[in-house]
Amino acid sequence: VCIFFFSRVLECQGLPIVNGQCDPYATVTLAGPSRQSEAKKTKVKKKTNNPHFDEVFYFEVTRPSSYNKKSHFDIEDADEIDKMEIRVDLWNASNLKFGDEFLGELRLPLKFLRQSSSYEAWYFLQPRDNGNKSLKPDDLGSLRLNVVYTEDHVFSSDYYSPLRDLLLKSADVEPVSASAAHILGEVCREKQEAAIPLVRLFLHYGRIVPFISAIANAEVKRTQKLFISRDPNTIFRGNSLTSKCIDETMKLAGMHYLQVTLKPIIDEICQVHKPCEIDPVKLKDGENLENNRENLRQYVDRIFTVITKSGVSCPTVMCDIFFSLRESAAKRFQGDLDVRYTAVSSFIFLRFFAPAILSPNLFQLTPHHPDPQTSRTLTLISKTIQTLGSLSKSKSANFKESYMATFYDYFNEQKYADAVKNFLDLISSSGRRDHKSIEQPILLKEGFMIKRAQGRKRFGMKNFKKRWFRLTNHEFTYQKSKGDHPLCSIPIENILAVERLEEESFKMKNMFQVIQPERRVLYIQANNCVEAKDWIDILTKVSQCNKKRLTVYHPSAYLNGHWLCCKATADNTPGCTPCTGGLPANIQLDIDGDRETERIYSLFNLYMPKLEKMQEACGSKSVYDGPEEEEYSTFIIDDPKETYKTLKLIIEGVGTLEQEHAQYKRDKFKKTKYGSQEHPIGDKSFQTYIRQQSEISAHSI
C-alpha cells in the first residue's frame, strides 16, 4: 500500500515581532516513532507577521508488506501510521550569529486525517517542549494548514494497461494539448501535482524526452502567437507544465550530477567560513571590504569553472531535453541568435545550479540548512552564477544592489560568456541519431594533435603526422591546417568507442584511439595528459548513445601480426578488455510504473468535475465560434474534437479502475478475517473500514 499526502501551509496571523523584525518561514516534517523525514521549508516572507505562504509539500509512505521497493518513508505495520505526525515549525529568519529564532510549532497526528481525505483548520502555535517557556501560547500567533491524506492500493500491471497506454502515447498526439498527460496538467490545481507522477512514469518507460519535446514545442508556439509576449526571453519562465516537468526531471536525473559537481566546494564553504560580505552596510567590525570581495570572487570563479567544465558529466536525458529546447527556440525565433542559449540556460543555471547553491540542503548537498553567514555567502555566489549563466547583454542592470553591480565588474570579460556558451553547446548536443536536424553544426573542440595513418591505401605508409582536429556534434574531422578542407571525416554515429592506448604500442605517451566500424582504428596523440582526457571525455559524450557502441576493446595496438595486449593473431578478434565508457549514458532510477499510474488515476478521479467541465468546454467550442465563456477560459483546448475523444477515454478508464477499487474494498470487507496475518487485531485502518461499511449499510437499509 502506497500512502501519499500533501500538506499545504496556507497562512499565519499575529506572529510575534522579534528584535523589531519578523521574516517568517515554516518547516514541515513527517515524523514517526523512531525517525523523521527531511524537513521541507517554505520561502521566507520578509517584513510581515501575517505571512501568506500557500506552499505545498508532498510526502509518501510505503508499507513493505504490499510494496517491496524503496520509498521515501518505510513503515513496518499499519498501526505505525497512526503514531506518525506532521510537525510544522515556524521560524524567524535572522542574521544573528546564533541562528534563526523559533516562533512556535504545530503537531498534527495522522490518525485525525484517516477519517477524511482533506483536512483544513486554524491552529494555535505551541511552544516546544524544550523551548522558551516564558512565551505564552496566545503570543505565538496561529498557523493555517490544509493537509490531504491518500492511501492507494496498487493493482497488478494489467489493470492499468488502458490508462497507461493512453498516457504513454501523449507525445504522439496532435496537438499535444489533446493528450491525456497534458489534460492532467490542465485539471490539476498545481502543475507540480501532475508533473511528479508524469515524469516518473515517462522516465520509467523511456518516453520523457519526446513528451517534454512535444509540450515545449507547443508552449513556444503559444508564446509566439501572443502579441503581448514576443520576447523570446520569456519562454519557459512561467510555472507551466513544461517547466515543472523539466524541473522534476532534473531533480531525479541530475542529483548525482550535482553531487560530483558542487558538493566538494559547497562542503568547503560550509566548513571554512571565510568572510564574503560585500554590502558595506552589513560589514562586521574588523572585516575588510576588499578582502571579502576577493574571497567571494575566488569562490565564484571556482564554482563557475567547475560548472562550465562539467558538461561531459551532464546526464544524457538532460542533454536530450536541452537539445529539444534549443532546437524549438531557435526554429521559432530565427532572428535571435542567442535564444538557443537562453532557452537552455534558463533551466540549467536559473532552475538547477543557482537553487542548489542557494539551498544546498534541499538538493541533498548538505544535511542541514547552512548557518546565517554561510547562507549569505551562498546567496551572493548564487546571484552571480545565475547572472553569468543568463548571458544577459546588460548584466549590471540585473542587480538592484549597487554593491552587486560593482562586484560583477570582475566578471565583465568575454572569456566568461565564451565559457558559458561552450558549456551550453556541449550539454545541448544530443546523442540522438538525428544530428542533421540542426541547421548549423555546433563546434565542440578543435586543436592540433598527432595522428597515425589509418592505412586506407593498401600499400600506404602508416606514419605519424601533425593534423588540425575539429569536433562538432555532426562529425570528427582532421585537416593539414586550420581552415583547410578535411582530409578525413568520421560521422559521430560511426564512433563505436573512444579509449586510451597503452604506451607500449608505439612508445608514445598521451595516446588514445577512436574505434570505427569494420575494425578501423584512428590512433591519436594529444599534447599532454590533460588534453588527452578532455578529448576522450568529449568524444565519449557526443557518441555515448550510438546504438552499435562496443562493450569491449583492445587497449594496445595490432602490430606485427598480433594484438600486443592479448596476443591474438586475427585482426578481427573481439576486444579483450571491457570499455570504460567514462560516462553514465543513463541514470538508473527506482521507479514503479504501476504505482505512478495509480497515482495519476487518483488525480483524475479527484478532479473528475474538472474533466467533465472540460468536456463541456470542448462541446461549446465545437458548436459556438464566438467569444469564449469565462468558465471555460482556463483550459487550453487547441482541437476540441481530439480533446473530447481523449477525455472520453480518460473518464472510461478511470471509471473502470474505480469499479475495480470498489470491488476490492467489498471483497476485503467480506473475505478478510480480523485477526488474520493480513489484518491482525489492533489494525485501526481495518477497524475504521468496518465501521464505515457498517454505517453505509445501515444508511442504505
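Quick one: which helices (runs of 4 or more DSSP H) lie wholly within the range 142-221 and hold at least 3 residues that are open to solvent by less than 10 Å² (accessible area, probe 1.4 Å) and in contact (Cβ under 8 Å) with a residue 40 or more places away in the chain?
180-187, 191-204
Spot the failing condition for Y624; the list is (1) at pLDDT below 85; (2) among the aromatic types (F, W, Y); (3) surrounded by 13 or more Cβ atoms within 10 Å (Cβ to Cβ), and only one is missed.
If we test Y624 against (1) at pLDDT below 85; (2) among the aromatic types (F, W, Y); (3) surrounded by 13 or more Cβ atoms within 10 Å (Cβ to Cβ), just (3) comes out false.
Cβ-Cβ under 6 Å, sequence separation 6+ or interchain: first residue in the range 536-553 and open to solvent by less than 30 Å² (accessible area, probe 1.4 Å), partner acidic (D, E). Which pairs?
As it stands, the answer is N546/E493; Y553/E499, since those pairs meet every condition given.
Matching residues to (1) among the basic types (K, R); (2) surrounded by 15 or more Cβ atoms within 10 Å (Cβ to Cβ); (3) modelled with pLDDT under 90:
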site: N412; (1), (2), (3): no, no, yes
site: V420; (1), (2), (3): no, yes, no
site: I427; (1), (2), (3): no, yes, yes
site: E439; (1), (2), (3): no, no, yes
site: F448; (1), (2), (3): no, no, no
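Here's a check for you: in the range 523-548, which residue that is in contact with a Ser or Thr (Cβ under 7 Å, 6 or more places away or on another chain) and not polar (S, T, N, Q) is nearest to Q513 (Cα to Cα)?
Across the range 523-548, the extreme among qualifying residues is V542.
Could you identify the single residue in Y119, Y149, Y123, Y160 that is among the hydroxyl-bearing types (S, T, Y) and modelled with pLDDT of 90 or more? Reasoning before the result, please.
Working: Y119 fails: modelled with pLDDT of 90 or more; Y149 fails: modelled with pLDDT of 90 or more; Y123 fails: modelled with pLDDT of 90 or more.
The unique qualifying residue is Y160.
Based on what the data block shows, is D89 open to solvent by 40 Å² or more (accessible area, probe 1.4 Å), modelled with pLDDT of 85 or more and part of a strand (DSSP E or B)?
When the stated conditions are applied, D89 does not pass them.
Do you know which of the residues in the range 345-394 that are hydrophobic (A, V, I, L, M, F, W, C) and part of a loop (DSSP other than H, G, I, E, B) is farthest from K41 (Cα to Cα)?
L391
Is one or more of the residues making up the range 565-581 in contact with a Gly (Cβ under 8 Å, 6 or more places away or on another chain) and without any contact (Cβ under 8 Å) to a residue 60 or more places away in the chain?
yes
Could you check, for the range 493-507, whether at least one of its residues is open to solvent by less than 70 Å² (accessible area, probe 1.4 Å) and closer than 22 Å to F423 by Cβ? Outline the logic, then answer.
Here is the first cut: in the range 493-507, the residues open to solvent by less than 70 Å² (accessible area, probe 1.4 Å) are 494-499, 501, 505-506.
Narrowing the set further to residues that are closer than 22 Å to F423 by Cβ leaves 495, 498.
Yes, the conditions are met somewhere in the range 493-507.
Table: residues versus (1) touching a residue at least 40 places away in the same chain (Cβ under 8 Å); (2) of a type outside the set (S, T, Y); (3) surrounded by fewer than 18 Cβ atoms within 10 Å (Cβ to Cβ); (4) closer than 14 Å to T374 by Cβ.
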position: M255; (1), (2), (3), (4): yes, yes, yes, no
position: V260; (1), (2), (3), (4): yes, yes, yes, no
position: E268; (1), (2), (3), (4): no, yes, yes, yes
position: V272; (1), (2), (3), (4): no, yes, yes, yes
position: E277; (1), (2), (3), (4): yes, yes, no, yes
position: L283; (1), (2), (3), (4): no, yes, yes, no
position: V300; (1), (2), (3), (4): yes, yes, no, no
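Is it true that some residue in the range 555-575 is under 29 Å from the mean Cα position of the chain (by Cα) and surrounded by 15 or more Cβ atoms within 10 Å (Cβ to Cβ)?
no
Out of all the residues in the range 514-530, is one or more β-branched (V, I, T), open to solvent by 70 Å² or more (accessible area, probe 1.4 Å) and modelled with pLDDT under 90?
Within the range 514-530 (the criterion being β-branched (V, I, T), open to solvent by 70 Å² or more (accessible area, probe 1.4 Å) and modelled with pLDDT under 90), the answer is yes, since at least one residue qualifies.
Is it the case that the range 304-318 has a residue that's under 18 Å from K244 (Cβ atoms), part of a helix (DSSP H, G or I), outside the structural domain of W535 (by the TED database) and open to solvent by less than 10 Å² (accessible area, probe 1.4 Å)?
Looking for residues that are under 18 Å from K244 (Cβ atoms), part of a helix (DSSP H, G or I), outside the structural domain of W535 (by the TED database) and open to solvent by less than 10 Å² (accessible area, probe 1.4 Å), one finds at least one in the range 304-318, hence yes.
The values are calculated or read from the model by the stated rules, or taken from the named source; none is laboratory data. Everything numeric here is computed off the predicted structure, so don't read it as measured data. Here the Cβ is made from the backbone with ideal geometry for all residues, glycine too, and neighbour counts use every protein chain on show. Keep in mind that these areas ignore ligands, DNA and RNA; they rest on the heavy atoms of the full protein, side chains included. Shrake-Rupley method; radii C 1.70, N 1.55, O 1.52, S 1.80 Å.
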